[in-house]
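The values are calculated or read from the model by the stated rules, or taken from the named source; none is laboratory data. Every value quoted in this text rests on a predicted model; they were computed, and no experiment measured them. FYI the Cβ positions are ideal-geometry reconstructions off the backbone, even for glycines, and counts take in every protein chain you see.
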Amino acid sequence: MKIAFVGKGGSGKTTLSSLFIRHLAADRAPVVAVDADINQHLGAALGLDEEETSVLPAMGAQLPLIKNYLRGSNPRITSAETMIKTTPPGEGSRLLRIAEDNPVYDACARPVELDGGPVRLMVTGPFTESDLGVACYHSKVGAVELCLNHLVDGPGEYVVVDMTAGSDSFASGMFTRFDMTFLVAEPTRKGVSVYRQYKEYARDFGVCLKVVGNKVQGQDDIDFLRDEVGEDLLVTFGHSDWVRAMEKGRPPRFGLLEEHNHQALRALRETADGSYELRDWQRYTRQMVHFHLKNAESWGNAKTGADLAAQVDPSFVLDESWASTPQPA
Ligand SMILES: Nc1ncnc2c1ncn2[C@@H]1O[C@H](COP(=O)(O)OP(=O)(O)OP(=O)(O)O)[C@@H](O)[C@H]1O
Ligand SMILES: [Mg+2]
């Protein structure tokens, strides 16, 4: 299951992503955690110290390796140089599974020990000014989009992405890559304005979007969120002393997180799991092709000097049957 946490800066995306990841790990579910936010804090929120986070490999720096692995022997993708962030898989491409060893994880993922067991952590690396344009050939988030477009995942295993609700994810199609998008919102006008913008983009793409209230202090806050977002409000988190202690570098055992926050995490899990029956691999593949053609035309063809529309394999549909198909050599 592919799960995104998005929202306004400072709303609590990283905090709630990390709690959700801890919740899944405590249940011994396979998890790949991905930090794709401008501010790279997921490692720290999962308990790594400064030295440990400073040596995490950046996916953005491994793009050639990622592209070369994923394109495999796909005859429509003749080089890593012509592979852009939206290039879809086809016959001969290599696909990724959540619980496997592969060269992409070897290069980009590091294990993080949590209560319950280890998860894999991947980070895009810090963004620079040039990463934030719309036509980003070297986009660090592009590495994540490529991986999601080549991932065959099933129920009970999770990719959790801590992500910015920025223009990059809308231009590239990244925002359509998830079974469930949790939009973290504080009970403020700014918090819900990001929700409205996201909802607007999401409307035509069948994106499952739920609002998770954070830093909610009382009934008035809940009423405000309910008035503003209606049925899309899934659950709310209050101030957490457990999170505060963690921020001080003294993480208590995860079991000691406040019960109402545990309950909220269970609701997120149920909602994420429930979205499985809405999954539509045909649509998922169609959308990646749609955004690839859009990116090819708007900048990719010019940038690579190739006709990137020719990379589309018209008969290929990504789906779970590929999970049991041997990878191309
Ligand atoms: N429920 C909570 N209880 C206590 N502290 C919280 C809670 N949620 C978030 N915080 C604190 O608020 C601050 C911002 O949270 P966080 O870093 O998760 O937000 P973010 O949306 O990821 O921000 P950014 O946009 O900077 O990445 C952090 O110091 C975090 O510890
Ligand atoms: Mg963050």
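Laid out as a table, the results:
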read-out: Arg266, sole failed condition from (1) surrounded by fewer than 17 Cβ atoms within 10 Å (Cβ to Cβ); (2) in contact with a helix residue (DSSP H, G or I) (Cβ under 7 Å, 6 or more places away or on another chain); (3) modelled with pLDDT of 95 or more; value: (2)
read-out: Subset of the stretch 2-25 (residues that are among the small types (Gly, Ala, Ser) and within 13 Å of ligand 2 (Cβ to nearest atom)); value: Ala4, Gly7, Gly9, Gly10, Ser11, Gly12, Ser17, Ser18
read-out: Cβ pairs under 9 Å, 6+ apart, first in the stretch 255-270 and under 17 Å from Val211 (Cβ atoms), second among the small types (Gly, Ala, Ser) and surrounded by 15 or more Cβ atoms within 10 Å (Cβ to Cβ); value: Asn261/Gly238; Asn261/Ser240; Ala264/Gly238; Arg269/Ala29
read-out: Helices (runs of 4 or more DSSP H) enclosed by the stretch 134-234 - at least 2 residues per element that are touching a residue at least 24 places away in the same chain (Cβ under 8 Å) and under 25 Å from Ala323 (Cα atoms); value: 140-149
read-out: Out of Asp106, Asp49, sole residue that is acidic (Asp, Glu), more than 16 Å from ligand 2 (Cβ to nearest atom) and under 25 Å from Glu320 (Cα atoms); value: Asp106
read-out: Residue ID - surrounded by the fewest Cβ atoms within 10 Å (Cβ to Cβ), chosen from residues in the stretch 53-77 that are in a loop (DSSP other than H, G, I, E, B) and free of Cβ contacts under 8 Å to residues at least 24 places away in the same chain; value: Val55
read-out: Selection status of Pro88, in contact with a Phe, Trp or Tyr (Cβ under 9 Å, 6 or more places away or on another chain), more than 19 Å from Asp162 (Cα to Cα) and either of a type outside the set (Lys, Arg) or more than 16 Å from ligand 2 (Cβ to nearest atom) (or both); value: yes
read-out: Residue in the stretch 234-257 that is polar (S, T, N, Q) and within 16 Å of ligand 2 (Cβ to nearest atom) present; value: yes
read-out: Candidates Arg28, Arg71, Arg94, Arg76 - the one that is of a type in the set (D, E, K, R), away from ligand 2 (no atom under 14 Å from the Cβ) and touching a Leu at 6+ places or on another chain (Cβ under 6 Å); value: Arg94
read-out: Members of the stretch 1-52 found to be within 12 Å of ligand 1 (Cβ to nearest atom) and in a strand (DSSP E or B), listed by number; value: Phe5, Val6, Gly7, Asp35, Ala36
read-out: So Asp162, is it modelled with pLDDT of 95 or more, touching a helix residue (DSSP H, G or I) at 6+ places or on another chain (Cβ under 7 Å) and within 16 Å of ligand 1 (Cβ to nearest atom); value: yes
